[in-house]
Amino acid sequence: MPDTSAPRTSLPRTRASSGSPYEASIGFCRAIRVGNHILVSGTAPVEPDGSSTPGDAEAQARRCLQVIVAAIESLGGTAEDVVRTRMFLADPADADAVGRAHGTVFSGIRPASTMVAGAVLLRPEWRVEIEADAILSDAGPLHAG
């Protein structure tokens with residue numbers, strides 16, 4: 001049985017927002033940094049105005065990855081710090097297109113990665129949603145957020 005007599009302390013957390021209309025209503029952040037880990041929430045192809053990114057699965061995946069990399073950079077990391085990605089596709093026929101977009105960003109980094117097809121995403125026009133995890137080489141300074 002774990003020792004529960006000592007007070008629990010949490011590591012400082014710094015959050016990043018992408019301005020998604022869902023962040024406040026659902027209660028999540030685009031990304032969170034805890035120590036030297038950055039975890040990026042499922043990122044759908046959403047434009048700054050809240051509209052869906054037009055185009056095919058590759059264009060939508062490029063938008064997801066732009067948002068992901070911007071969130072990681074805002075928390076002190078880079079695309080090179082990404083160690084894992086997860087791609088959720090509405091249609092397995094989009095695997096090559098999403099893979100091309102992913103490869104454009106990560107072919108030299110080659111994080112552990114998962115691609116799942118047949119996902120039902122929140123908006124019917126979305127073809128893809130992507131998550132990412134990054135580990136920085138040092139914890140660096142954190143500010144409360």
Practice prompt. Scan region 14-35 and report the pairs whose first residue is without any contact (Cβ under 8 Å) to a residue 12 or more places away in the chain and whose second residue is of a type in the set (S, T, N, Q), with Cβ atoms within less than 8 Å and a gap of 6+ or a chain change.
Written response: Glu23/Ser17
Worksheet item: Of Gly108, Gly77, Gly27, Gly42, which residue is surrounded by 14 or more Cβ atoms within 10 Å (Cβ to Cβ) and either under 14 Å from Ile135 (Cα atoms) or over 12 Å from the mean Cα position of the chain (by Cα) (or both)?
Response: Gly77
Response to the item:
Subset of region 74-99, residues assigned to a helix (DSSP H, G or I) and either in contact (Cβ under 8 Å) with a residue 40 or more places away in the chain or at positive phi (or both), comes to Ser74, Asp81, Ala97, Val98
Worksheet item: Mind checking which residues of region 100-115 are out of contact with any Leu (no Cβ under 7 Å at 6 or more places or on another chain) and assigned to a strand (DSSP E or B)?
Response: Ala112, Ser113, Thr114
Discussion item. One residue is enough: does region 58-73 have a residue meeting the conditions part of a helix (DSSP H, G or I), more than 16 Å from the chain's Cα centre (by Cα) and small (Gly, Ala, Ser)?
Written reply: yes
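Every number in this text was worked out from the coordinates using simple rules, so none of it is lab data. Owing to the predicted nature of the structure, the values given are computational and were not obtained by experimental measurement. Here the Cβ is made from the backbone with ideal geometry for all residues, glycine too, and neighbour counts use every protein chain on show.
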